[in-house]
Structures are given as structure tokens and as C-alpha cells.
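Accompanying notes for the structure given below.
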Amino acid sequence: MENQFEKNWTNYNNGCPLEDEEVKRYISVLPSENQCRLAQNPFYCFIHFGMNTATAREWGKGTEKAADFTIKSIKPEQWVKHIKAAGASGIILTCKHHDGFCLWPSAYTSFSVKNAGFTGDIVKMVSDACKAENLYFGVYLSPWDMHEETYGTEAYNDYFCNQLTELLTNYGEINEVWFDGAKGANARSFEYDWQRYYKLIRELQPKANIAICGPDVRWVGNEGGKTRKSEFSVVPKSLCMAETVSKNSQHTAKDTAKLRNLKSTDEDLGSRKVLAESEELCWYPAEVDVSIRKGWFWSKNENFTVKSGKRLFKLYLDSVGKNCTFLLNVPPTDEGVLHKRDVKSLTSLGRRIAQMTSKPIAVEQPGCLNQDNGCLDFNFDCEKKLKYVIIKEDIQKSQRVEAFDIYIKKKNGRYKQAASETIIGSCRIVALGGKRCVGARIVIRQSRSNPVISEIGFYA
Ligand code: FUL
């Protein structure tokens, strides 16, 4: 047959077993409630703001004084307004970057806004602004601290936990805690007590996801917005420790061997081949962090590097549309506002995201497919220009689909292949550029078990 529709998951499955013991092991790995909530709110913004905004640096030097933070006022309501208009659901603020300067009046250091001539608590101002507009609020607290003198001694773990406690108790609900793995080449060697940090977060903010150097959200592996062809959420458990452990620490020899074999930058993190070699698996979805500008912090020399709305939308499609979350950094200026160029791009991004689903042709909830559903057919009421197909798996049943095709139905009744893709996951957006058709057919080629499709939408 011309299009080989009959070769689908129900009969052929690309030769892969359906439902054997191994497959059952893979599909038994499920997201936590917090991870599900994140998947439903997959786009949020990073705010890099702090000492580096005042000193026009990307990384501090470790020698700054509190008085070097010369910024006197900020307008977080303006940040929140434009971030919300862009379609984002939350903000993560760099409460302390590597330079060690705290945006809140921490009781454990004098190196904070308190001694900088800034009136107020920036963490409070931003979290309040988020609350007022119903945005989630998350914190970035850099483990590496160039300024704090206890860094490199056991006392630093106490210092860090004290600061975490301040952030996790004084600012309402915290949605994500972002632990950066970056560390300067000359930094003192030090083993962070990750398990203690995680325990504290789970106790104080049970609804927070712990990202990057943490067990809930995986770093996609680069800061340029590049995603893999197949972003799997079920991956070997060793990977969720890979960012957090130095080579031989805290793990058995077996784990260490695995860590050497698998890094968050590897291309294949979750195929059957990779999973088969791993005894323990976990749900660890990818997050794409990328800056709207060249650097992470604002600098007037980089105003011309602001990415256009069109480019940001492409990043959105490549992240949210490929089973990842999207963390877009928008750094406020030294006048405490988002620069007009960033605002323009955010506005354009918001418009594009809203437009994407503004003309639905058909939206259905197929649910669990049985042995008769190898192909899903959709007939439109007249000829349409099909721009986007958005498919979602019910991730509460794990990630199952490994390959699918989209065919469009032409006026003469013939089918033409429009896309041949791999995974779906929590959300897959396929842009078809406005193809004329009177219907469409989705063929699930390969799946780990019965596909559970929570939604398929076609948009003009
Ligand atoms: C990196 C840091 O070194 C950058 O300054 C920035 O915070 C980025 C998100 O993570 O590792």
C-alpha cells in the first residue's frame, strides 16, 4: 500500500515489543504531582538581576562591596506585566548569584541589599508582584559563592541551609528551586550536602520542584535553546545525580561507572537501549534555559542582541513543543525595569503564542488507544490551511509513544505525509506552515504500550 498505514503500533510497532517485562518497567515510571503541574505550565521566565546588573558583569569577582550595588529602585510590577503578557506562568529570581550578594536582607551575611543603600527587600518585592498577578515564584540560589568566607568548609553547608530557610519561609509559596552547577575553575573544592538541601526544601516547600542540580527537572544540556530530536522524560536514575556529584563521591563504584557513561549533554538519554542498561529509572523532564540577550545579566552594550519575537517563538516551539519546559531569561536594567527592546520581543512572543491556537479546526481527546486505533482520522468541515498540530500524551500514564507520522488529506481524498516524528510526551507541537487539506491522519508507528493521548488539536 502506498502509504503503509497498516504498519502501525497495533500490528508492527517497528518490530519493538509491546508490554513485555522491560516495557512494563519503563512505563511504570511516572511524574510526581509537582512535575505534572510544571508540565501544565511549561513556560516561565528567569530574572537575572543583582550585583552584576550594577557592575555590568556576567560573573562577579568576589571582591565587590555591598555599596557597589548602586541601584536604588526597581519596578517588579513592570517585569510581571510584560512577562505575563508573553504567556509565561512564573518567574525564577536570582536571589543570590555566584558573587554572593543577596537580594534580600539575610540575617547571615552583611553582603546584601540591607547594606547597599537600597530600601526594601527585592525578593519580597518580586514575590509580591508575582502573587498580585497570579504568577508562580521560584528562587535561584547559587551554591558556589565567591564572597562568603566559610565557602569550602563544612560551615558553608549550614550557611547555605540558613539562607535557603530564609527564602523558603518568608516569601509564600515557592514553585521551583534552581541549583546552578557552575563553579569557577579556581574555586575552592567543596562537596555540597545536596541531600540535606533537598530534605529542607521538601519539608519547607513541598510544592517546589528542584531543578538542574536536583532530582525534579533536568538541564537540557546547553544554554542555546537546542533540544534533542527525542527528549525523553524517563531516563536512568544516575542522570539525576550526575550534576550533583563529583566523580567518586557519595556513590558506589557501580554508580560512578554509570555517571561516566551518561551525561546530561549526551544525545540519547532515554531510548530503550539506554534504559535497558540501567537498573533504576526516574522521571526527569528537560528544561531549556536561554537568555533573551547575549548575556544572562543586562548590559547596555547588549541591547542590540535582544532576540526578536519570531526567534523567541521558534525557541518556544523547540522547547514547549518538544516535551520540555522553557525558561526564558529577561534581565532588568540598572534602572530596575525591563528594557523596551526586551518588552517588544516579549509582547511579540505573547501574540505569537496566542495566535498559534486562536483558530482551532478540531480538538479531540482520544484517550487510551486500543488495538483498533493504529491510525486516527480527522475530517474537517471544509478545506483548511493547517498550521499546527498539537499532541499531548497523558503523562500520568508515563511517556509511551516513540514514533508517529502526520498525513494530510487532500481534496481528492489522497493522503500525503506531512511529518514523521519520534516522541510526544507532555506536549508536541508540529508546525506545518499552513498546508491545504480537508482532513488529517495521525499514525502512531511505535509505542511502548497502548498510547494514551490526552489531546490532539489542529489549528489553522
Ligand atoms: C550558568 C551561570 O554561570 C550563569 O551566570 C547563569 O546564571 C546560567 C543560568 O547558569 O551556569
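Mind putting a number on the dipole of region 318-460 about its Cα centre? Charges go on the C-beta only, +1 for Lys and Arg and -1 for Asp and Glu, and I need it in Debye to the nearest 20. Provide the component values of the computation, followed by the final result.
Values: 24 positive and 15 negative charges, 148 e Å.
The calculated dipole for region 318-460 is roughly 720 debye.
Just for the chain, what percent of DSSP beta bridges are antiparallel, to the closest 5? Working shown, then result.
Values: 43 of 72 bridges.
For the chain, the DSSP antiparallel bridge percentage is about 60.
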Test item: Cα-centred dipole of region 1-63, Lys/Arg +1 and Asp/Glu -1 on Cβ, debye
580 debye
Restricting attention to region 400-460, which trypsin sites (Lys or Arg not before Pro) occupy a DSSP loop and are surrounded by at most 12 other Cβ atoms within 10 Å?
Lys411, Arg414
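Only four residue types carry charge here, +1 at the Cβ of Lys and Arg and -1 at the Cβ of Asp and Glu. Report the dipole size of region 351-428 about the Cα centre in Debye, rounded to the nearest 20.
580 debye
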From the residues Thr109, Ala431, Asn34, which one has its Cα farthest along the dipole of the chain in the positive direction, the dipole being from +1 and -1 charges on Cβ of Lys/Arg and Asp/Glu about the Cα centre?
Ala431
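Given a 1.4 angstrom probe, I'd like the percentage of the accessible area of the chain that is carbon and sulfur, rounded to a whole number. All intermediate terms of the calculation are to be shown ahead of the outcome.
Numbers: 9330 of 19400 Å².
So the carbon and sulfur contribution to the accessible surface is 48 percent.
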How much accessible area per residue does the chain have, counting only protein heavy atoms and a probe of 1.4 Å, in square angstrom?
42 Å²
Flagged as over-length at 20 Å C-alpha distance, from Lys84/Lys384; Lys314/Lys397; Lys81/Lys124; Lys65/Lys114, the pairs are Lys84/Lys384; Lys314/Lys397
Protein chains only, probe 1.4 Å: how do Val123, Val306 rank by accessible area, largest first?
Val306, Val123
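Counting Lys +1, Arg +1, Asp -1, Glu -1, what net charge surrounds Asn450 among other residues with beta carbon under 10 Å of its beta carbon? Don't skip to the answer; put the middle values down first.
Working: positive: Lys397, Arg400, Arg448; negative: Glu19.
Net of charged neighbours comes to +2.
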If you build the convex hull over the alpha carbons only and average its shadow over all orientations, what do you get for the chain? Give it in nm² to one decimal.
22.2 nm²
For region 419-457 and region 262-324, what is the separation of their Cα centres, given in Å?
21 Å
Just want the answer: with Cβ charges of +1 for Lys and Arg and -1 for Asp and Glu, which residue in Pro331, Ser308, Val363 is farthest toward the dipole's positive end in region 268-365?
Ser308
Farthest positive-ward along the chain dipole, Cα basis, beta-carbon charges - from Gly60, Ile83, Ile353:
Ile353
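Sort 92-104, 209-221 by the packing proxy (mean of other Cβ within 10 Å over each peptide's residues), most packed first. Before the final figure, lay out each step's value.
Numbers: 92-104: 27.0, 209-221: 23.2.
With the highest mean Cβ count within 10 Å placed first, the list reads 92-104, 209-221.
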Sorted by mean Cβ packing within 10 Å, highest first, what order do the peptides 16-26, 335-345 take?
335-345, 16-26
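The values are calculated or read from the model by the stated rules, or taken from the named source; none is laboratory data. Everything numeric here is computed off the predicted structure, so don't read it as measured data. Every residue, glycine among them, receives a Cβ derived from its backbone with ideal geometry; neighbour counts consider all protein chains shown. What goes into the accessible areas is simple: the full protein's heavy atoms, side chains included, and nothing from ligands, DNA or RNA. Shrake-Rupley method; radii C 1.70, N 1.55, O 1.52, S 1.80 Å.
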